[in-house]
Amino acid sequence: MPVEVIMPKVDMDMARGTLAIWHVAEGEAVKKGAALFDIETDKAAMEVEAPASGILRQILAQPGQVIAVGSPVAYLYAEGEAVVGLPSAAPETSEVMAVADPAPAIATAQTPAQVADEAGDLRATPVARRLAREAGLALAEVLGSGPRGRIQRADVETALARRELKATASQALQSPPILSYATQNTPPLEWSPQPGDLHVTTRKGTGTPLAMIHGFAADSTGWLALERALPRDLPLIRIDLPSHGRSPLRRLAGFADLAKAVVQVFDRVAEGPVHLLGHSLGGAVALALSDIRPRQVRTLSLLSPAGLGPEIDGAALNGIARASTADSLAPWLKRLTARPDGISHDFAKAAMLARIDPDLRAAQQELAQVLFPDGVQAFDLTAALERVTAPTLMVWGRDDRILPWKQALAAPGEVALHLLRGVGHVPHMEDPDTVAALIGRHLK
Amino acid sequence: MNAQTQITEVTSPGETREMSYAEAIRDAMTIALDRDPTVILMGEDIGTYGGAFQVTLDLIDKYGPERIMDTPISELGGAGVAVGAALTGLKPIFEFQFSDFAALAMEQIVNQAAKLRYMLGGEAAVPVVFRMPAGSGTGAAAQHSQSFEAWFGHVPGLKVVQPSTPEDAKGLLLAALADPDPVIVFEHKLLYKMKGQVPTGYYTTPIGKAAIRRTGDAVTIVASAIMVHRALEAATKLAAEGIEVEVIDLRSVRPIDRDTIIASVKKTGKLLCVYEGVRTLGVGAEISALIAESEAFDYLDAPIQRLGGAEAPIPYNPDLERAAVPQVADIETVARRLAKGEV
């Protein structure tokens, strides 16, 4: 009997996934556990392992095709096993369409019996099953991190923390927060992930796209406030730096390594020239990109960019990278904004949830050591800034406690410099309307 | 090894003295011979020669051949005399040279000693103690290196203990003597020279009670005899990686301390059983089953793992002998994978 290969359910509210690429060609042998194909969902891209050893035959889904969860995408045959007639046709479009309206992420309304039924075929440890049952959480909505996707205790706890966060966040959204995290409202559907070494998502629109690179220990969800203030039809490209957000963890030897990793991805996602925007460390990367790929950058916008002087608040960077609870993270986050009440406890909780993976935190601590040893910026991009030919905009908060705004004075005369009053290190979060207006004018 | 000297659960506080595991057993027998005239020692070459592992050395000089009895080379005969003596009211401690030779005396141990209290309506008791040097690691090959605790643990009417420290070697032997029914004490040959602080007076270590040798929250390791020390060494290494392992010294195979094991697994959610006996149908199988049947099941966060002896007679070749039983690195690897959710 051939082994069926199905589109797995890898995210809480996943109903379908896009098959990105096959790692094994039809007729080729594959070992159980080896990478078989990549999928993309609304939220994540990941590798799917072969469920058994065998020869890959009867590929039903081609790269780019959207497949409903649980539908077969191919079959694995034993060596010499006769190929049987195609068991069923390729995934039906109607089935895919039928799930277009995603169900609510949390199944609070489900009865325990329903939960148990749905969980029947899932791999989950006894404690994971018990905790999910007690909390009324459907196991089918939990992503398993154990061997062969087994749901373990930590997976349920993470799912429950997310659920609690969503509940508090929806309340928090009623009051005006300066900062917001994507976990508070799921990314709009028009975002689509792009294949590549780094996590990149794009939003379609008209005209030249704006590619955005976030700062150290942040991720591209930090752009939300600015995105709301920018023109609705502006096409956007969000790039997660290595070891940040949803990008894979990477050991980097220095700033040059970091720039190289982003250039490789940039070459793939930027089909033509783009507008480039970077904040802090992302600003330094954007600056380096403009230096390495001058013809691909139409304009450059830098928000409190790194790399223009030795001073930096190393204690805050290390503190943020190291913090393992919302309580230890919040005091450091407060240094980011000019207003002391700019960071709410809910924000710190959400930020901590995005950094819940200890491996990610360890990777960022290591990166901080490499980029900012002894609390000093170990890379200097002032020469690169001199060479940049694209029109350049620089925005800096006068109350920036992480990078002093006086480093902006390193800029050559052609750079348009805006020093905002009452703004700290995160102008795009603290005053998104002003920053959006400045960028909007700059792009024209 | 640090971990070994830290193991002291003094049941009756008082003076302690450093003793080897073998000395602690001799100390227990000396105290028993002094305080109870019905205690006698029996076994092959336990008199002038002092026993195969010198545990009874010089006792014959103090107590004489009436109480320190050399028996002929017939395990069945010797064990039969011991069971008979116990029925008459004596308290014999019968030493086997190697636990492997107990196979020759199965009739007396399994069919007589274990059964008589039940078959005689409770009107007879067999307060005999069988001491059995057990385990591999001495280059003594297939017929002198086995671990039979699961065999005897399978027989209702017997009690089976496996001390891992000098203190417990003494306390459990004195507890075995105080017990009205037959008790089998497995002494691990590699532990005879291990030193530790031992209370000098009379005390007993409770039969049926495990000891938590190290506390942790990541993984529970239930180990016995020499494996306790290997598990502790592995735990020390894992602690350097931030993985805190709880190590339970089983001490008693029958009756088994369900409560301590269940409480620990409810805390850690992960169980690794480490024992020297053959893995299949061994002590670890019983521990795994009791957890699967208990309320701790709903706390399990990974499949239960067992590390036991190879499915083969213990080889003579030293490398193969080591490979045939769990070593520190094996325990470390499995415990780490369990802790990291990779099993």
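For chain B, set up a GNM with springs between Cα atoms under 10 Å and report which of B:G153, B:G121, B:G139 has the largest fluctuation.
Between B:G153, B:G121, B:G139, it is B:G121 that shows the largest mean-square fluctuation.
If the viscosity is 1.002 mPa s and the temperature 20 °C, what translational diffusion coefficient in µm²/s does Stokes-Einstein give for the stretch A:241-341 when Rh comes from Kirkwood over Cα pairs? List each step's numbers first, then the result.
Values: Rh = 15.2 Å.
Value of D from the Cα-based Kirkwood radius: 141 µm²/s.
With Kirkwood's inverse mean 1/r over C-alpha pairs for Rh, give me the Rg to Rh ratio of the protein assembly as shown, two decimals please. Could you put the intermediate results ahead of the total?
On the way: Rg = 35.0 Å, Rh = 31.2 Å.
Radius of gyration over Kirkwood radius for the protein assembly as shown works out to 1.12.
To the nearest whole percent, what portion of all C-alpha pairs in the stretch B:20-104 is separated by more than 20 angstrom? Display every interim value, and only then the final one.
On the way: 980 of 3570 pairs.
Considering the stretch B:20-104, 27 percent of its Cα-Cα pairs are separated by more than 20 Å.
Let's test the formula: R0 of 45 Å, r as the Cβ-Cβ distance of B:D45 and B:T333. What FRET efficiency results, to the nearest 0.05?
Details: r = 41 Å, r/R0 = 0.92.
E(calc), rounded to 0.05, equals 0.60.
Ignore the peptide's own chain and count Cβ atoms of other chains within 10 Å of each Cβ in B:295-306; give me the average, rounded. Please report the intermediate quantities before stating the final value.
Details: counts 0, 2, 3, 8, 6, 7, 14, 8, 4, 0, 0, 0.
If you average over the peptide's residues, the count of other-chain Cβ atoms is 4.
Give me, ordered by chain and number, the residues 5 or more places off A:I312 or on other chains with an amide H under 5 Å from its own placed amide H.
Close amide H contacts, sequence-distant or interchain: A:Q377.
Provide the descending list of Cα extents for the stretch B:79-175 along its principal axes, expressed in whole angstroms.
44, 29, 22
Below 8 Å between Cα atoms, with a sequence gap of 6+, how large is the relative contact order for the stretch A:182-443 in percent? Let's see the in-between values first.
On the way: 527 pairs, mean separation 53.4, N = 262.
Relative contact order for the stretch A:182-443 comes out at 20 percent.
When you look at the Cβ of every residue in B:335-341, what mean number of other chain Cβ atoms sits within 10 Å?
Details: counts 0, 0, 1, 0, 0, 1, 10.
Going residue by residue through B:335-341 and averaging, the value is 2.
What distance in nm separates the simple spin-label points at A:A362 and A:D327, each placed 7 Å from Cα in the Cβ direction?
Distance between label points: 2.5 nm.
Please list 3J(HN,Hα) in residue order for the stretch A:45-54, calculated via the Karplus relation 6.51 cos²θ - 1.76 cosθ + 1.60 where θ = phi - 60°; whole Hz, with x for glycine and proline.
Whole-Hz 3J(HN,Hα) from phi for the stretch A:45-54: 10, 7, 8, 10, 8, 5, x, 7, 7, x.
When only alpha-carbon atoms are used, what values of Rg and Dmax, in angstrom, describe the stretch A:321-408?
In Å, with Rg to one decimal and Dmax whole: 15.9, 44.
Name the residues whose placed amide hydrogens come within less than 5 Å of the amide hydrogen of A:L420, ignoring near sequence neighbours (fewer than 5 apart) on the same chain.
Residues meeting the amide H criterion: A:W396, A:G397, A:R398.
Checking the table B:K189/B:K209; B:K270/B:K340; B:K91/B:K159; B:K91/B:K115; B:K170/B:K195 against a 20 Å threshold on Cα-Cα, which pairs fail? It would help to have the intermediate numbers written out before the result.
Working: B:K189/B:K209 22 Å; B:K270/B:K340 10 Å; B:K91/B:K159 15 Å; B:K91/B:K115 17 Å; B:K170/B:K195 13 Å.
Violating the 20 Å Cα-Cα cut-off are B:K189/B:K209.
With each pseudo-label sitting 7 Å past Cα toward Cβ, what's the A:R387-A:R295 distance in nm, one decimal?
For the pair A:R387/A:R295, the computed spacing is 1.6 nm.
Roughly what % of DSSP beta bridges within the protein assembly as shown run antiparallel, to the nearest 5? Please report the intermediate quantities before stating the final value.
On the way: 40 of 97 bridges.
Among the beta bridges of the protein assembly as shown, antiparallel pairing accounts for roughly 40 percent.
Sort the following peptides by mean Cβ neighbour count (other Cβ atoms within 10 Å, averaged over residues), highest first: B:324-331, B:171-178. Let's see the in-between values first.
Working: B:324-331: 20.1, B:171-178: 24.8.
Going by the mean number of other Cβ atoms within 10 Å, highest first, we get B:171-178, B:324-331.
Going by how many other beta carbons lie within 10 Å of each one, how would you line up B:S252, B:S74, fewest first? Intermediate values should be presented prior to the final figure.
Numbers: B:S252 27, B:S74 13.
Listing B:S252, B:S74 from fewest to most nearby Cβ atoms yields B:S74, B:S252.
For the stretch A:293-444, what percent of Cα pairs sit more than 18 Å apart? Walk me through the numbers on the way to the answer.
Working: 7175 of 11476 pairs.
Within the stretch A:293-444, distances greater than 18 Å cover 63 percent of Cα pairs.
Could you tell me the extents of the stretch B:2-199's C-alpha atoms along the three principal axes, largest first, rounded to whole Å?
Cα spread of the stretch B:2-199 along its principal axes, largest to smallest: 48, 39, 33 Å.
Run a plain Debye calculation on the stretch A:182-443 (Cα atoms as equal point scatterers, no solvent) and give log10 I(q)/I(0) at q = 0.13 Å⁻¹, rounded to two decimals, same order as the q list.
Debye curve over Cα of the stretch A:182-443, log10 I(q)/I(0) at q = 0.13 Å⁻¹: -0.76.
Along Cα→Cβ, 7 Å out, is where each label goes; now give me the distance between the ones at A:A78 and A:D380 in nm to one decimal.
6.8 nm
Could you give each residue of the stretch B:304-320 its phi-based ³J(HN,Hα) in whole Hz, using Karplus coefficients 6.51, -1.76, 1.60 with θ = phi - 60°, and x for Gly or Pro?
Karplus-based 3J(HN,Hα) across the stretch B:304-320 equals 5, 10, 10, 10, x, x, 5, 7, 7, x, 4, x, 7, 3, x, 5, 5 Hz.
What residues qualify as long-range amide H neighbours of A:A211, i.e. H under 5 Å apart, gap of 5 or more or another chain, H built at 1.01 Å from N?
Close amide H contacts, sequence-distant or interchain: A:I237, A:H275, A:L276, A:L277.
Ordered by residue, what ³J(HN,Hα) values in Hz, to whole numbers, does the stretch A:370-381 give under the Karplus form 6.51 cos²θ - 1.76 cosθ + 1.60, where θ = phi - 60° and Gly and Pro are x?
These are the phi-based 3J(HN,Hα) values: 6, 7, 10, x, 6, x, 10, 6, 8, 10, 10, 10 Hz.
Could you give the length gained by full extension between B:A142 and B:D58, i.e. 0.36 nm per residue of separation minus their alpha carbon distance, to one decimal place? Walk me through the numbers before you get to the answer.
On the way: separation 84, 0.36 × 84 = 30.24 nm, distance 3.04 nm.
Gain in length upon complete extension: 27.2 nm.
Where does the charge balance sit around B:R131 when Lys and Arg score +1, Asp and Glu -1, over other residues with C-beta under 10 Å from its C-beta? It would help to have the intermediate numbers written out before the result.
Working: positive: none; negative: B:E95, B:E187.
Neighbour charge sum, excluding B:R131 itself: -2.
So what's the projected area for chain B, the Cα convex hull averaged over all directions, in nm²? Kindly include the intermediate steps, with their values, before the conclusion.
Numbers: hull surface 67.0 nm².
Here the figure is 16.7 nm², rounded to one decimal.
Let me have the relative contact order for chain B, percent, based on Cα pairs under 8 Å that are six or more residues apart. List each step's numbers first, then the result.
Values: 775 pairs, mean separation 57.1, N = 343.
Answer for chain B is 17 percent.
Expressed in nm to one decimal, what extension gain is obtained for the pair A:T434 and A:R148 from 0.36 nm per residue of sequence separation less their Cα-Cα distance?
Details: separation 286, 0.36 × 286 = 102.96 nm, distance 4.88 nm.
Extra length available between A:T434 and A:R148 comes to 98.1 nm.
For a quick protection proxy, order the peptides B:22-35, A:356-369, A:327-340 by their average other-Cβ count within 10 Å, most packed first. Can you show the working numbers first?
Details: B:22-35: 20.9, A:356-369: 16.7, A:327-340: 18.2.
Top to bottom by mean Cβ count within 10 Å: B:22-35, A:327-340, A:356-369.
Sort A:281-293, B:97-109 for me by packing, meaning the mean count of neighbouring Cβ atoms within 10 Å per residue, highest on top. Numbers along the way, then the final one.
Working: A:281-293: 25.4, B:97-109: 20.6.
My ranking of the peptides, most packed first, is A:281-293, B:97-109.
For B:V185, B:V228, A:V370, what ranking results if the residue with the fewest other Cβ atoms within 10 Å of its Cβ goes first? It would help to have the intermediate numbers written out before the result.
Details: B:V185 27, B:V228 31, A:V370 17.
Going from sparsest to densest Cβ surroundings: A:V370, B:V185, B:V228.
Across the residues of A:124-134, average count of Cβ atoms on other protein chains within 10 Å?
Working: counts 1, 9, 9, 10, 3, 2, 4, 3, 0, 1, 1.
Mean shielding count: 4.
Using only alpha carbons, build the gyration tensor for the stretch B:211-339 and give me the equivalent ellipsoid semi-axes, biggest first, whole Å. Could you put the intermediate results ahead of the total?
Working: eigenvalues 100, 60, 30 Å².
After scaling each eigenvalue by five and taking roots: 22, 17, 12 Å.
A short reminder: the numbers here are calculations on the coordinates, not readings from a lab. Treat the numbers as computed from the prediction; the structure is a model and nothing was measured. Quick reminder, even Gly has a Cβ in these numbers, built from the backbone with ideal geometry, and neighbours come from all protein chains shown.
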